[in-house]
1. Report, in debye and to the nearest 20, how large the dipole of the range 1-94 comes out about its Cα centre when Lys and Arg carry +1 and Asp and Glu carry -1 on their Cβ.
2. Can you tell me the relative contact order of the range 84-155? Whole percent, Cα pairs under 8 Å, sequence separation 6 or more.
3. Just flag the GluC sites (Glu not before Pro) in the range 27-69 sitting in loop per DSSP whose Cβ has no more than 15 other Cβ atoms within 10 Å.
4. Tell me the GluC sites (Glu not before Pro) within the range 235-333 that lie in a loop according to DSSP and have at most 11 other beta-carbon atoms within 10 Å.
5. Whole number please: convex hull volume per residue, Cα atoms of the range 2-311, in Å³.
6. How high is the relative contact order of the range 2-311, in percent, counting Cα pairs under 8 Å that sit 6 or more residues apart?
7. Separation between the Tyr307 and Thr285 pseudo-spin-labels, each 7 Å from Cα along Cα→Cβ, expressed in nm?
8. Which of the peptides 254-261, 120-127 is most tightly packed, and how do the rest follow, going by the mean number of other Cβ atoms within 10 Å of each residue?
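No value in this document is a laboratory result; all are computed from the given coordinates. Being a predicted model, the structure only gives us computed values, none of them experimental. Positions of Cβ are generated from backbone atoms using ideal geometry, with glycine treated the same way; all protein chains shown enter the neighbour counts.
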Amino acid sequence: MESWLGRAWKGHPLSLFETARVLHAARELLLQEPNVVELKPPIVIVGDIHGQFFDLLQMFDKVGRPPEQQFLFLGDFVDRGSYSVETITLLLLLKVIYPDKVTLLRGNHESRQPTRTYGFYQECLTKYNALAEFEPVPEEFNPVHCVPTSPNAKETVGSAVWSSFMSVFDCLPIAALVGTRVLAVHGGLSPSLLTIDSIRAIHRFRDVPEEGPMADLLWSDPQNDNGWSKNSRGVGWVFGPDVIRKFLATNNLSFVVRSHQMVMEGIQEVADGRLLTVWSAPNYTGRLVNLATVLKLSELYEGEVIYFDNAPAYVHLQHQMEVQQLQQEARSAASVHAAICSPNSVEKLSEGALNAEGHAEQGLDAEQGSGSEAESHGGSDINPSALSTPSTTASTATTVVSSLALPGSVADKYFDFE
């Protein structure tokens with residue numbers, strides 16, 4: 001999979017077979033992780049990304065890439081932005097290749113209803129249905145086996161891939177403990193979860209419920225007023241500084257770090273720095289002018305706030321041109337492959353081989369008949385091993401089919417069945 005990572009860094013699409021393998025490997029890995037992943041600093045903590053792939057690359061350029069740095073991502077990798085597929089593909093690949101250097105927590109958008117509403121589902125339909133036009137479709141993405149996404153939905157390869165992503169999201173851990181002093185979650189606290197052990201006891205392998213402790217961790221928000229109140233989002237709670245201090249004291253923690261809310265400054269403190277909101281999507285949705293940050297914690301829990309800029313506009317245009325070129329190459333390769341492998345083409349190649357065989361036999365008879373004349377001129381210039389025979393002709397025909405079916409680097413990109 002390391003060879004696929006180079007393409008993922010560029011935002012170039014993986015094939016359907018490669019995507020299926022990445023999703024399977026990621027799910028198997030995440031199934032083994034606990035609800036609360038225990039990590040050791042130093043570590044870089046990253047907030048919401050929301051499909052802003054090229055801004056994510058800006059962040060990596062600023063702070064370094066795995067495995068040089070250890071990363072904790074707080075969720076909401078998809079939706080809103082235009083490159084959710086590229087974003088989650090890269091992050092899952094990094095998780096699979098560097099499992100001890102990359103930790104992915106679940107956000108409220110790593111679930112079915114938000115992704116159907118805010119873009120990821122439609123992006124899967126657009127991008128993976130396009131791939132299915134010129135690629136073989138693995139059994140995992142066969143729409144026949146897809147659980148209906150809605151009562152009247154017509155399932156496609158794209159919706160099958162989306163369903164596979166949802167199965168991976170259902171396995172994401174829901175919290176992390178950095179050292180012994182920092183709790184990391186996507187959203188916030190819950191009145192039902194007073195200890196770290198109570199988080200460990202949650203059954204997480206499912207879609208995000210509409211209410212309850214798991215929903216609270218992914219949906220709740222801090223506020224400046226003390227106590228608990230219902231969240232205006234309709235899910236989760238809002239909680240005050242007194243709640244934060246009590247939770248930290250009960251669990252012998254120093255502070256909570258979370259994301260979930262866009263903050264214009266890129267980072268925001270509540271309860272005198274006992275809770276930090278880290279936001280990592282600059283110029284969110286392309287309409288706001290907010291800053292973006294990550295939080296780098298040292299081994300001594302000293303926090304460094306690192307700001308990074310959004311990617312320049314020309315990067316998006318350049319990427320679109322590259323992907324269009326790759327798709328055109330892939331379509332051409334698929335057309336040649338289909339033409340060569342069609343029954344009519346195979347029949348024509350067979351006829352050509354037989355004709356070549358007949359001509360070769362005639363040529364051999366002619367040469368044998370004029371052997372004495374050739375000898376009288378000092379010997380024949382014809383190498384007998386170069387004469388076409390049935391075996392060499394068949395080999396030549398096979399080589400033609402092979403070279404036409406797999407046109408160079410295009411085949412490496414789109415017909416890799418490792």
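1. Using Cβ point charges on Lys, Arg, Asp and Glu, the range 1-94 gives about 160 debye.
2. The value is 21 percent.
3. Glu68
4. Passing sites in the range 235-333 are Glu299, Glu302.
5. 126 Å³
6. Relative contact order of the range 2-311: 20 percent.
7. 2.4 nm
8. Going by the mean number of other Cβ atoms within 10 Å, highest first, we get 254-261, 120-127.
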